[in-house]
Amino acid sequence: MFPRIPSPLQEASAAALEWPRLRTYLAGRTSSPLGRGWVEALEPTADLEWIEEQQQRTAEIRVMLTAGGSFEFHGLFDPTLPLDKAQIEGSALEALEIVSLLVVVERVAAWRNLLSSAEAARSHGLAAASAIRELSAPLLEYDLAPLLRVLRGKIEPDGSLSDDASPELRRIRRAMERQHRSIEESLRRSLRALSEGGSAQEELITIRGDRFVIPVKVEFKRRVPGVVHGSSSSGQTVFVEPLETIEQNNELVRLLDEEQAEIHRILVAMTRALGEHAGTLVLGAAILAEVESHVARARFANEMGCVRPVFGDEIALTGARHPLLELRMRAAARAAEEEAKAPVPLTILMPQEARQLIISGPNTGGKTVSLKTTGLLALMAQAGVPVPAEEAKLPLFRSIYADIGDAQSIERNLSSFSAHVVNLDRIAREATPASLVLLDELGSATDPEEGAALAVAIATHFLRLGAWCCITTHLTSLKVYAANHPGVLNAAVGFDQRTLSPTYELRLGVPGASAGLNIAARLGLLPEIVAAARGQMTTQTADIGAFLDQLHDQLTAAAAEREALRAREEELRKERIKLDLEGRAEQKARTRELEGKLESLMQDFAYQLKETVKSIDDKALAQKIARDADTRMARLRREFSEQFKSTVVAHNTGADRNDPAAQPHLPRGIKVGDLVKLKSLGRQARVDRVVDAKTFEVSMGAMKMRAALSDIAEVEKVAAVNPLQAARRRGGVTVSTTTSDDSDYMTSEINVIGRTADEAETEVERFIDRAFLAGLPRVRIVHGTGMGILRRTLREYLRSHPHVATVTEPPQNEGGQGATVVELRQ
């Protein structure tokens, strides 16, 4: 199916809000006629599903561009007409038509391959582009590689077929080349003979009517037997085909006919292949046209710093800019080779309960720009184009009406006021609560008192109607109307009373003074005229103007004070960060120094301990003491390090040392089934039950105990396995345990047959430790006979084990050399 194009808004006032100009600019960001046409047909709509779909696709393309991805759309065009011709049985497209269609095939195939390859999509920033993938989904099921093999490499850029177009064409052309050489050799012999007698006009070979001939002076033409194929313009030379080359030329003509027939056959085959894929190619071109429109919109959005609009029940434009105004300012800056300045951003806030905004203030202050910015951004949002703002929340308008500028109509014999009234009458009749109404200088161009009354009446009508409405005015009565009616907000464009120049800012919540007399004075109007005008103003009007001037001065001072406080807070924040970093650096240095001293003391203690152990004569006892000393040293080192870190953390955070926040070394999230390493035993145990946050019931073989959180060194998360998986993991090593009803019992035998020496030694060490802790007097180790390597290794290891008293070989009926009995120390 083709991309869905929804119906446009009932009324958009597109020309008044300069939507066509912006759309033309967007179309200029495309590189193909097809993409340009798609953008030029773009219209705002009230179809929210379509709008969100378009905004999402543009957002995904913005991600692609930001990630450095790109796609070539150059050469795309609407292939419908040539493909319709290609579907006619036996038809043949021109070679250049096929070349242009080949570009479309390549573009569609490249886009399809890009989305079907996960690696390619990821490298182009399209891995998560679900909306673009949904748009392109119909193409993913078609493989255009066979069509490309039929078309590629067969037509030269000038439209001629290459020799590789088919084996038959290559054979014919090779035969033609040989025939050319044969004819040339024959004709050159004739030319040499004529040249010796002076009969040849020139020693060259030429072509007349697809036949090779030689030039002969007219008076000697009877000396050359053959066929005359015309004469020169002067009549002094005739072109003769000698008799000996006639058959050769006939053969060449025959080969030419064969070449043309083969070319036609190839073109028919290529045309047929295109016709078979016509539907896919037309659909693919339509999809790529929309994709290119999203690329144009995404480039514009990235260039202008646009955001995706959100649709709701309020108007909230923060940091909004008129895009055409900003583009004009950038162009002017480039022409003057200056740094570009952005227009002053606007903030327009109209919550759901406030449906009207009355904007007042001096001329040239930006009132009309505020209206146009609001209207144009609404059109952009509902046409699927991101808007230039920091944040944009808008209702979904079903129509947008604008009465902006001079509406005088000479053709209809209407004055400016009459034209405005006619337009206002139409808007008042057609507008609904889902309409946006933009009225510029409402009530102007007529008697001020009558105009003010009419303006208030019109504003009241739209307020009762519930339409969203923005009105610019100089009329005091409208400012008072806004202050006295709920649901209506005042706003003022900024004006600097000291410099008497506009600031182009929009202040919400207060009306603005027109400042006409002040501006006239700044522009140089005679002082006596300005003074006389001030004298003509009523006391009330003058008081209102003075009050508004004073109010705006206070607002300006408050804004400056807020900015100063904000700057001061930022300085304090930076200074606080600086002091914090310096304190931490000093503390880290002191901590490293203390840790170094601690490590040195521990090393000295370990050295003294080793020297003491060396002086013990009983070797077995010395080994046991050394082993126990190493275990205790490791535990002491770990405990001291944990206490040291807790103290440091508590010092940094101000927390108590026993607070979990000051104990980063303690493990977190221990669950039943986890394997935990106990500091006191240096062995792993399994968690059977969580008693509370600091106490756990654990088991180590048949032995069960309670372990405190502080005794747990590390946690290993273990996934649950079934008995079959557990048996497979154990392989040839089996450790049997049984549990009776009244007590825990651990069997005294381990089987390590099939294990390597290192693996068996590790398993036996763990088994001996558990047996010793369980209080078993003796254990039996089954290792098999084999070559005796496992037996010798284990017995040698066991004789030096601190828990082992004796190592003996059992009787033959109890295993003999295939087992070892170990008596444990009590």
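Assorted remarks:
- Only protein heavy atoms count here; on that basis, with a 1.4 Å probe, residue 391 has an accessible area of about 80 Å².
- Ordering of 53-59, 584-590 by burial proxy (mean other Cβ atoms within 10 Å per residue, highest first): 53-59, 584-590
- Under 15 Å of direct C-alpha separation, and excluding same-chain neighbours fewer than eight residues apart, residue 217 reaches these aspartates and glutamates: 196, 202, 203, 241.
- Within the shell defined by Cβ-Cβ distances under 9 Å, the residues around residue 319 carry a net charge of -1, with Lys and Arg each +1 and Asp and Glu each -1.
- The portion of the accessible surface of region 751-819 made up by carbon and sulfur, rounded to a whole percent, is 48 (1.4 Å probe; DNA, RNA and ligands excluded).
- Cross-link table 597/717; 679/717; 671/704; 597/671; 679/704; 393/574, entries beyond 27 Å C-alpha to C-alpha: 597/717; 597/671; 393/574
- Region 299-340 - percent of accessible surface contributed by carbon and sulfur, probe 1.4 Å: 50 percent
- Solvent-accessible area of residue 142 with every protein chain in place, 1.4 Å probe, in Å² to the nearest 10: 90 Å²
- The mean accessible area for residues of region 1-90, using a 1.4 Å probe and ignoring ligands and nucleic acids, is 50 Å² per residue.
- Charge tally around residue 39: other residues with Cβ under 14 Å, Lys/Arg +1 each, Asp/Glu -1 each, net +3.
- Along region 75-82 the Karplus relation, 6.51 cos²θ - 1.76 cosθ + 1.60 evaluated at θ = phi - 60°, assigns HN-Hα couplings of x, 6, 8, 6, x, 4, 4, x Hz to successive residues, with x for each Gly and Pro.
- Normalised per residue, the volume of the convex hull around the Cα set of region 427-471 (Å³): 62 Å³
The values are calculated or read from the model by the stated rules, or taken from the named source; none is laboratory data. Since this is a predicted model, take the numbers as computed values, not measurements. Neighbour counts are summed over all protein chains in view; Cβ atoms, including those assigned to glycine, are modelled from backbone coordinates with ideal geometry. Ligands, DNA and RNA are stripped out before the accessible areas are found, and what is left, the full protein with its side chains, is counted by its heavy atoms. Shrake-Rupley method; radii C 1.70, N 1.55, O 1.52, S 1.80 Å.
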